[in-house]
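These notes are about the structure you will find just below.
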2 protein chains.
Amino acid sequence: MTARTTSAKTLGARTLGEGARDIPEATVARLPVYLRALTSLAEAGTRTCSSEDLAAAAGVNSAKLRKDLSYLGSYGTRGVGYDVDYLRYQIAREIGVTQDWPVVIVGIGNLGHALANYSGFRSRGFRVVALLDADPERHDEVVAGVDVRPFDDLEQIVTDHGVAIGVIATPALAAQDVADRMVACGITSILNFAPSVLSVPEGVDVRKVDLSIELQILAYHEQRKAQTA
Amino acid sequence: MTARTTSAKTLGARTLGEGARDIPEATVARLPVYLRALTSLAEAGTRTCSSEDLAAAAGVNSAKLRKDLSYLGSYGTRGVGYDVDYLRYQIAREIGVTQDWPVVIVGIGNLGHALANYSGFRSRGFRVVALLDADPERHDEVVAGVDVRPFDDLEQIVTDHGVAIGVIATPALAAQDVADRMVACGITSILNFAPSVLSVPEGVDVRKVDLSIELQILAYHEQRKAQTA
DNA sequence: CTCGTTTTGTTCTCGCGTTCACAAACTCCT
DNA sequence: AGGAGTTTGTGAACGCGAGAACAAAACGAG
């Protein structure tokens, strides 16, 4: 009853006078893809594109794309298409990547290293303000220009920088403890790379990325292919 | 029309005399989670568990869990629950992780390192048989007990080891080329970590893991929280 | 100004996935 | 042996998302 992943249900009950549109979760998950496709088009010098073009670049159906964009508003021009830069800005604003998001990463193993160095974060407004690890031997290291600090500094860092998003890249056993500490400090969004199910209170969003699960899904389909062949 | 992610549609049209059950895609995605939960229960010494117990450990609704398991067969006992070891074996067999899956990883940057060292692969039957990189400077390195080899060795390795699954951990620009080469060598399942949309022919499964997209989804919800507050 | 062309925004329908609710089946106790 | 208590497996209802199809709107040619 506690563990809650990002769910559209709680967001549906929103009586906001202003924008008030609640975008379906499936659409939210695709907006970043559209954003990347638009960036790619802009870099190629394209000023305007049709929904067909953009859908092809994003790898989705054009009807689905138009419906997704319609949740944001009417940013296209019939008979013409979408202005690449304008649409890009609108999506970026809607997702929230026009602002700066301070992020802490806990667990500086192989994966933590990779995440800290990942350029895709910084380019989208995510700024790694701290790397934390429980192991004192790592506290001298400097990874990606940020030095590794003890896990107990979490609260200090979170309050100092106003961190709302935390990334867990620890072993499975430590993940729940880290999550609890994060929540206690005021973090309300967690990206969990540890292979464990997290329990968090209402109002905290958790997204899970599990590398081995993805491979297992592929293995299942691969096995099916082999059986019929 | 070419890019196809793992879809239940094509699997539905299957006239297999034997097991012939086509498991819904959503269920397939949860089976690895159940598998991990069962392993965890087994390590804790639990011999038997109810659907309620297992559902709690896996972080899902118990009704959903029971329905998911019912696609595999009737492996429980009413009034008692499920035998942990037995169910674990059945799920593992269904997914295909009882067998050995040779895997190649292309792109040995930070993420490639992390993937090569990830213990969760080996423990589930995935064996990294080769690490490939286009950069000649890396061909001397040994990562996770496997030495890095030139990308052109791909075909040789795939045929030698019967590799069916490939992992792409290259920059975005190289990803499509790598995918094309993989497909040409006979690889039919690709796990793509590069932030780009892959085009592959019918019959090849692609799963995408995009680190920055996950953060952007969290940012969207975080922004919504802040707006109403 | 009018007509034809292009492309968006939206409505409608269908299928999948989730959840509830309950009958069937098993155990244990008396 | 019989009944009370559990727990599974599944039928049915419901809601969300995908895709097709079309009407509304903009543009350009004549």
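Structure values in brief
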read-out: Filter result (more than 10 Å from DNA strand D (Cβ to nearest atom) and within 14 Å of chain B (Cβ to nearest Cβ)) within the range A:54-69; value: A:L54, A:A56, A:A57, A:A58, A:G59
read-out: Test: residue in the range B:46-59 that is in a loop (DSSP other than H, G, I, E, B), within 16 Å of B:R30 (Cβ to Cβ) and either within 12 Å of DNA strand C (Cβ to nearest atom) or modelled with pLDDT of 95 or more (or both); value: yes
read-out: Number of the condition not met by B:V103 [criteria: (1) facing another protein chain (nearest Cβ under 9 Å); (2) at pLDDT 95 or above; (3) over 30 Å from B:T170 (Cα atoms)]; value: (3)
read-out: Subset of the range B:49-72 that is among the hydroxyl-bearing types (S, T, Y) and within 24 Å of the chain's Cα centre (by Cα) - its residue that is surrounded by the fewest Cβ atoms within 10 Å (Cβ to Cβ); value: B:S70
read-out: Verdict on B:G96 being farther than 30 Å from B:V158 by Cβ and away from DNA strand C (no atom under 14 Å from the Cβ); value: no
read-out: B:R66 vs. criteria in contact with a Ser or Thr (Cβ under 8 Å, 6 or more places away or on another chain) and not assigned by TED's automatic domain parsing to the domain that holds B:A164; value: yes
read-out: Check on B:Y86, touching a Gly at 6+ places or on another chain (Cβ under 8 Å), more than 30 Å from B:R138 (Cα to Cα), aromatic (F, W, Y) and free of Cβ contacts under 8 Å to residues at least 60 places away in the same chain; value: no
read-out: Hits in the range A:120-143 (condition: touching a helix residue (DSSP H, G or I) at 6+ places or on another chain (Cβ under 9 Å) and within 13 Å of chain B (Cβ to nearest Cβ)); value: A:G120, A:F121, A:S123, A:R124, A:G125, A:F126, A:R127, A:V128, A:V143
read-out: Conditions (1) of a type in the set (V, I, T); (2) under 28 Å from B:R207 (Cβ atoms); (3) not in a helix (DSSP H, G or I); number of the one not met by B:T39; value: (3)
read-out: Among residues of the range A:199-229, those that are touching a residue at least 12 places away in the same chain (Cβ under 8 Å), under 25 Å from B:P24 (Cβ atoms) and in contact with a strand residue (DSSP E or B) (Cβ under 8 Å, 6 or more places away or on another chain), counted; value: 5
read-out: Check on A:P102, assigned to a loop (DSSP other than H, G, I, E, B) and touching a helix residue (DSSP H, G or I) at 6+ places or on another chain (Cβ under 8 Å); value: no
read-out: Where a residue in the range B:149-162 is β-branched (V, I, T) and its partner, wherever it lies, is assigned to a strand (DSSP E or B) and modelled with pLDDT of 95 or more, with Cβ under 7 Å and at least six apart; value: B:I157/B:V104; B:I157/B:V129; B:I157/B:A130; B:V158/B:V104
read-out: Tally of residues being surrounded by 15 or more Cβ atoms within 10 Å (Cβ to Cβ) and over 21 Å from A:A29 (Cβ atoms) across the range A:87-109; value: 7
read-out: Yes/no for A:G81 being loosely packed, with under 14 Cβ neighbours inside 10 Å and closer than 28 Å to B:A194 by Cβ; value: no
read-out: Unique residue being in contact with a Cys (Cβ under 6 Å, 6 or more places away or on another chain) and in the same structural domain as B:I23 (by TED's automatic domain parsing) when the list is B:G81, B:G45, B:G59, B:G73; value: B:G81
read-out: The listed residue being out of contact with any Pro (no Cβ under 6 Å at 6 or more places or on another chain), within 16 Å of DNA strand C (Cβ to nearest atom) and within 12 Å of chain B (Cβ to nearest Cβ), out of A:L72, A:L87; value: A:L72
read-out: Members of the range A:40-53 that are within 14 Å of DNA strand D (Cβ to nearest atom), touching a residue at least 12 places away in the same chain (Cβ under 8 Å) and not small (G, A, S); value: A:R47, A:T48
read-out: In the range B:157-209, the residues that are within 13 Å of chain A (Cβ to nearest Cβ), farther than 20 Å from A:R36 by Cβ and of a type in the set (S, T, N, Q); value: B:T188, B:S189
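The values are calculated or read from the model by the stated rules, or taken from the named source; none is laboratory data. As the structure is a computational prediction, the values presented were derived from the model and not from experiment. Methodologically, a virtual Cβ is constructed for each residue, glycine included, from the backbone with ideal geometry; neighbour enumeration extends over all protein chains shown.
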